[in-house]
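Working notes for the structure below.
Values in this text are rule-based calculations from the coordinates and carry no lab data. In this text, all values refer to a predicted model and were calculated from it rather than measured experimentally. We place every Cβ from the backbone using ideal geometry, glycine too, and count neighbours over all the protein chains shown.
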Amino acid sequence: MTLIAMTQPSSAGKVAFLGDYPPRQCGIATFTEDLRDAVAELLPDWSCPVVAVTDPGRSYDYPPDVRFEIPENEARAYVRAAEFLNMSSTSVLCVQHEFGIFGGPAGGHVISLLKRARMPVVTTLHTVLQTPTEEQRRVFDEIAAHSSRLVVMTAKGEEILRRVWHIAPEKIVTIPHGIPDVPFVDPGFYKDQFGVAGRPVMLTAGLLGPGKGIEYGIEALPEIVREHPEVVYIILGATHPNLLRAEGETYRLSLERLAKKLGVERNVMFVNRYVDDGDLTEFIGAADIYLTPYLNEAQVTSGTLAYCFGAGKAVISTPYWHAAELLAEDRGILVPFRDPAAISAAANDLLGNETRRFAMRKQAYLLGREMIWSAVARSYAATFDEVLTEFRAAPSSARERPAATLSRDHVDLPLWRFDHLLHMTDSTGVLQHAIHSVPWFDHGYCADDNARALLLTVLVEDLDGMPPELRPVQSATAAFLQHALEPGAGRFRNFMSFDRRWLEAAGSEDSHGRALWALGAVVGRTRRSSLRHWAGALFEQALPAVEHFTSPRAWAFAILGLHEYLRVLHGDLLAARWRLELSERLMDLFRRNRGPDWPWLEDIVSYDNARIPHALILTGRWTEQPEMIETGLEALRWLQTHQTGRGGCFRPVGSNGFWPRGQPPAAYDQQPVEAAASVSACIEAWHATKDPFWRTEASRSFDWFLGSNDLSLPLYDASNGGCCDGLHVNRVNQNQGAESTLSFLLALAEMRNLTNLSLIFSKPSEP
């Protein structure tokens with residue numbers, strides 16, 4: 001195990017620690033606190049403030065160590081945190097990194113902080129991925145570029161950084177996971193306080209979730225009990241908060257049922273609580289064997305494994321990376337994944353062979369002295385001193401990172417407001433129309449708007465976490481789509497009266513395509529596995545109908561849904577074929593209908609127009625078809641150029657006549673659905689090209705809602721979050737229907753995501 005030299009560093013002044021922090025209940029929070037306290041104790045002259053990241057929907061009574069709080073999904077809070085660190089003359093910033101603890105795609109919000117930080121950054125990697133996604137690679141490359149050192153806790157982590165991420169060796173520091181300094185004592189000293197005196201004790205500790213493989217430990221118990229009837233298996237830890245929010249105690253209850261089914265419930269002790277270091281030390285002290293039957297090989301560090309190993313415990317573990325490295329050379333026993341027979345054989349061997357168990361314990365304890373927090377703190381302090389010396393020696397131009405300013409369109413995005421949407425939603429679903437802001441029962445419901453609303457809930461959850469007030473909307477709209485699908489025909493019905501009677505046997509092709517889009521987004525983005533499975537099943541039932549569709553817009557909506565679906569189920573060859581097939585159908589129409597001054601697929605530009613180039617650009621990007629991308633970009637640029645009104649504002653093609661070939665486009669009535677479609681398509685064009693033109697066009701299209709239009713009148717109602725139904729030649733249509741309101745909210749979701757990406761990937765001096 002390679003460590004940085006533990007020299008006594010000179011004073012670095014102020015070292016700030018960024019990460020989760022107690023009382024938030026997670027392993028990284030505990031690590032951040034332990035590391036911060038160890039460094040502060042080692043060098044009491046140093047100031048060690050904490051910048052804490054708070055998970056969505058939660059608030060904590062942080063201790064005085066925490067000087068600044070970042071709401072996880074609030075992109076601009078990371079910029080404010082950088083300003084705080086700069087103004088408070090922080091010497092070094094120590095970041096705790098794992099992709100899931102920071103907001104934004106792949107945790108990318110933190111990059112906006114790192115770009116603006118005017119001090120060297122030391123980043124501790126709690127996860128080192130061997131097969132990252134494109135987004136994870138993009139984010140981590142930025143993090144690495146803005147970090148003076150990357151700290152890993154194992155040799156395997158260092159090897160992956162070099163081989164997969166091509167990080168220079170001199171930038172990598174290996175420092176083990178810290179552990180408390182506890183005495184080497186007999187387990188019997190602690191057992192009586194847990195009611196297990198005189199009994200052999202096996203222990204698994206940590207936040208519970210399916211990846212921990214605890215079911216295999218329970219399945220191993222019958223064979224262990226046959227040889228050691230008094231054995232007790234303590235399963236210590238609360239259910240992981242994210243899992244608890246999504247699925248409740250389903251996993252823990254399944255473990256309890258399994259123990260009862262196997263007849264070993266008297267040998268299993270569930271301790272359903274999150275324990276602090278003091279309590280954890282006592283539970284570990286009582287254990288004869290520590291068991292980690294984890295299922296994922298690609299786990300580069302485990303805090304509880306380090307704690308137990310360093311406390312001198314005999315360990316049985318599956319060979320995930322950290323365990324394989326730490327338990328080599330008979331410092332523990334490695335068993336295959338998902339193999340309860342191997343676990344029972346190893347446990348029986350250790351429980352029946354006290355000499356071997358004691359030798360294993362002693363070897364682990366002696367090696368663990370290199371891992372106690374005081375030793376780890378010295379290594380970190382030496383690293384801080386080293387990067388600060390380099391930073392001060394660098395030319396001043398290399399040290400300065402001017403704080404970025406945000407452009408107007410980023411600063412002035414409205415906050416989320418769902419009042420009107422909630423007023424338009426009942427237990428059946430979202431109502432179609434409103435008279436001013438009052439729901440209009442006469443027109444009932446439609447699948448179109450319920451699909452839009454379901455899509456919105458997923459996008460909001462993906463951006464900022466699920467607001468509690470949107471949960472009923474998500475539930476009602478999902479149920480509406482479930483009921484809307486006519487099983488025999490495999491088609492969605494669209495219109496339903498207020499008294500819940502379907503008004504047609506099958507809805508329009510476009511409404512079917514929008515429903516597929518919403519369902520695909522649920523599959524591709526939601527964190528709730530039960531909802532994802534529901535959406536996947538309904539998506540599969542509804543997809544075959546598109547084979548006979550003739551509407552180009554229905555094809556485009558279905559393509560957008562297929563792309564969302566393939567975000568996670570990219571191995572579904574049928575879905576991939578349909579995405580390509582529908583895109584080729586659009587391309588065929590372009591080839592047959594476009595001309596030198598008419599780069600369009602039909603002889604009329606009608607409604608939801610930008611969705612068509614959006615679908616082509618998206619498919620072209622992900623299937624590597626340049627012609628498709630260029631066709632989409634050409635059509636979209638042509639649309640945006642001609643959708644320009646007074647003073648350069650966005651002027652969507654009006655619904656009062658649309659735009660027939662050879663005639664001028666209708667100027668009115670301008671519809672919110674057109675502005676929303678243009679926002680989405682321009683953002684996709686920006687993803688494809690990184691041309692700032694498209695980001696400007698997205699903002700221009702969005703500003704139409706806010707009053708940058710031909711009448712200089714806002715359609716968005718800031719008092720309730722609603723949106724008016726359109727722009728007439730001399731007035732705003734004051735009715736706030738579901739389509740209009742949802743169009744605005746969907747466009748706002750797109751713009752908020754664009755803001756996040758701009759914060760992440762822009763240069764420090766740019767918006």
Mean projected area in nm² (Cα convex hull; one quarter of hull surface) for segment 429-481:
3.8
Binned at 20 Å starting from 0, the alpha-carbon pair-distance distribution of the chain in whole percents comes out as 15, 42, 32, 11, 0
Points 7 angstrom from Cα along the Cβ direction at ASN353 and ARG392: gap in nanometres?
5.5
Taking Cα atoms, the helix 27-42 axis meets the longest principal axis of the chain at an angle in degrees (rounded to 10) of 50
Taking every pair of alpha-carbon atoms in segment 611-705, what share in percent sits in each 10 Å bin, from 0 to the bin with the longest distance?
18, 49, 28, 6
Charged-residue dipole, Cβ positions (Lys, Arg, Asp, Glu), segment 22-147 about Cα centre, Debye nearest 20:
420
Viscosity 0.890 mPa s, temperature 25 °C, Stokes-Einstein D of segment 470-607 from Kirkwood C-alpha radius, µm²/s
154
Figure the gain on full extension for GLU223 and THR623 (residue separation times 0.36 nm, minus the Cα-Cα span) and round it to one decimal in nm.
138.8 nm
Model label zone, ALA324; criterion: amide N under 13 Å from point 7 Å along Cα-to-beta-carbon; scope segment 273-309:
296-301
For the chain, what is the calculated [θ] at 222 nm in deg cm²/dmol (nearest 500), taking -39500 (n - 2.57) for each run of four or more DSSP H residues and dividing by its residue count?
-15000 deg cm²/dmol
What's the angle, to the nearest 10 degrees (0 to 90), between helix 447-464's Cα axis and the longest principal axis of the chain?
40
With the dipole of the chain defined by +1 on each Lys or Arg Cβ and -1 on each Asp or Glu Cβ, the option from ASN753, LEU203, ALA542 whose Cα lies farthest towards the positive pole is ASN753
If you add up the charges near THR741, with Lys and Arg at +1 and Asp and Glu at -1, over every other residue whose beta carbon is less than 14 angstrom from its beta carbon, what do you get?
-4
Report, ordered by chain and residue number, the lysines lying within cross-link reach of LYS156, taken as a straight Cα distance under 18 Å and ignoring same-chain residues fewer than 8 apart.
LYS171
Would you list, by chain and number, the aspartates and glutamates whose Cα falls below 15 Å from the Cα of LYS362, excluding same-chain residues fewer than 8 positions away?
ASP181, ASP186, ASP288, GLU329, ASP330, GLU354, GLU370
Using unit Cβ charges (K, R positive; D, E negative) and no other charged atoms, how large, in debye to the nearest 20, is the dipole of segment 188-343 about its Cα centre?
380
Expressed in nm to one decimal, what extension gain is obtained for the pair ASP339 and THR281 from 0.36 nm per residue of sequence separation less their Cα-Cα distance?
18.1 nm
From the square roots a ≥ b ≥ c of the eigenvalues of the alpha-carbon gyration tensor of segment 90-156, which class results: rounded (a/c under 1.5), prolate (a/b over b/c), or oblate?
oblate
Can you spot the lysines whose alpha carbon is less than 25 Å from LYS690's alpha carbon? Ignore those fewer than 8 places along the same chain.
LYS115, LYS763
If you average the sequence gap of Cα pairs under 8 Å that are 6 or more apart and divide by the length of the chain, what percent do you get for the contact order?
11
Antiparallel DSSP beta bridges within the chain, percent to nearest 5
30
Once Rh is set to the Kirkwood radius over Cα pairs, what Stokes-Einstein translational diffusion coefficient, in µm²/s, holds for segment 268-325 at a temperature of 20 °C and a viscosity of 1.002 mPa s?
176
Working only with C-alpha atoms, what are the Rg and Dmax values of segment 568-611, expressed in angstrom?
13.8, 40
Using eta = 0.890 mPa s and T = 25 °C, Stokes-Einstein with Kirkwood Rh from Cα pairs puts D for segment 1-149, in µm² s⁻¹, at 156
Degrees, to the nearest 10: 354-368 long Cα axis against longest axis of the chain:
60
Given labels modelled 7 Å from the Cα in the Cβ direction, how far is it in nm from ARG661 to ARG591?
1.7
Of GLY465, SER475, LEU485, whose Cα points farthest to the positive end of the dipole of segment 456-513 (charges on the beta-carbon: +1 Lys, Arg; -1 Asp, Glu; origin at the Cα centre)?
LEU485
Around LEU715, which amide H atoms from residues at least 5 apart in sequence, or from another chain, sit under 5 Å from its own amide H, with H modelled in the peptide plane?
LEU706, GLY707
Relative to the present Cα-Cα distance, how much length would full extension add between ARG500 and GLU581 at 0.36 nm per residue of separation?
25.5 nm
What Kirkwood Rh does segment 115-210 have if only Cα atoms enter the pairwise 1/r average? Answer in Å.
16.9
Roughly how big is the chain's charge dipole about its Cα centre, with Cβ charges of +1 (Lys, Arg) and -1 (Asp, Glu), in debye to the nearest 20?
520
Arrange the peptides 104-113, 70-79, 525-534 so that the one whose residues have, on average, the most other Cβ atoms within 10 Å appears first.
104-113, 70-79, 525-534
Segment 43-145: relative contact order in percent, alpha carbon pairs under 8 Å with at least 6 residues between
23
What the Cα atoms of segment 201-314 span along the principal axes, largest first and in whole Å, is 35, 33, 27
Between LEU639, LEU742, SER678, whose Cα lies farthest towards the positive end of the dipole of segment 628-748 when Lys and Arg beta carbons carry +1 and Asp and Glu beta carbons carry -1, centred on the Cα centre?
LEU639
Would you please put 599-609, 741-751 in order of how densely packed they are, using the mean number of other Cβ atoms within 10 angstrom per residue and starting with the highest?
741-751, 599-609
Take segment 533-667, drop everything but the C-alpha atoms, weight them equally and run the Debye formula without solvent; then report log10 I(q)/I(0) at 0.17, 0.20 Å⁻¹ to two decimals.
-0.91, -1.14
From the C-alpha gyration tensor of segment 151-192, pull out the three semi-axes of the equivalent ellipsoid (sqrt of 5λ each), sorted largest to smallest, in whole Å.
37, 10, 6
